Amino acid sequence: MKRAGILHPGLNAELARLGHTDEVVVADCGLPIPPGPAVVDLAFTFGVPTFLQVLDGVLGELVVERALVATELDERNPSCAAALAGRLPLIDRVDHDGFKGRVAQARLVIRTGEATPYANVLLRCGVPF
């Protein structure tokens, strides 16, 4: 048994396949997910697990060199925007429709039970050296 970190075997397998510049989306329960990326659906009920719980677990496993969020996040969900600013080194912004368009290019989408607006982030994988 693993000593620490993410226990979900499917999520562990998908994270282990990622390389430099691959993109991962941590999404709320309402983000439309187009065909293409692998999906690990962790949503159980509204709010379980939360976006930040899942994001913190993922950040403990990956090197992230930059992130992308919807511009609407700042106004519609300022507490989430502030939480991301404290966790991520470089955050770019694009309108929500542009964000949804980028999801199709991601390698992996992790769906959470989060039920607050615009609680989505696209993470670009970095390298540890």
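The numbers here are math on the coordinates, done by the rules we state, and not lab data. Every value quoted in this text rests on a predicted model; they were computed, and no experiment measured them. Glycine gets a Cβ as well: all are built from the backbone with ideal geometry, and neighbour counts include every protein chain shown.
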The alpha-carbon center of the stretch 51-129 and that of the stretch 31-48 are separated, in whole Å, by 14 Å
The long-range amide H neighbours of Val64, using H built 1.01 Å from N in the peptide plane and a cut-off of under 5 Å, are Gly126
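Shape verdict for the stretch 1-56, please, from the Cα gyration tensor: rounded (a/c under 1.5), prolate (a/b greater than b/c) or oblate.
Numbers: a/c = 1.83, a/b = 1.08, b/c = 1.70.
In terms of gyration-tensor shape, oblate.
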Restricted to the stretch 37-129, the DSSP antiparallel beta bridge percent, nearest 5, is 40 percent
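Would you please name the chymotrypsin sites (Phe, Trp or Tyr not before Pro) within the stretch 1-82 that are DSSP coil residues with at most 16 other C-beta atoms within 10 Å of their C-beta? Present the calculation step by step, with values, prior to reporting the outcome.
Numbers: sites: Phe44, Phe46, Phe51; in loops: Phe44, Phe46.
Here the chymotrypsin sites (Phe, Trp or Tyr not before Pro) that fit, given the DSSP loop and packing criteria, are Phe44, Phe46.
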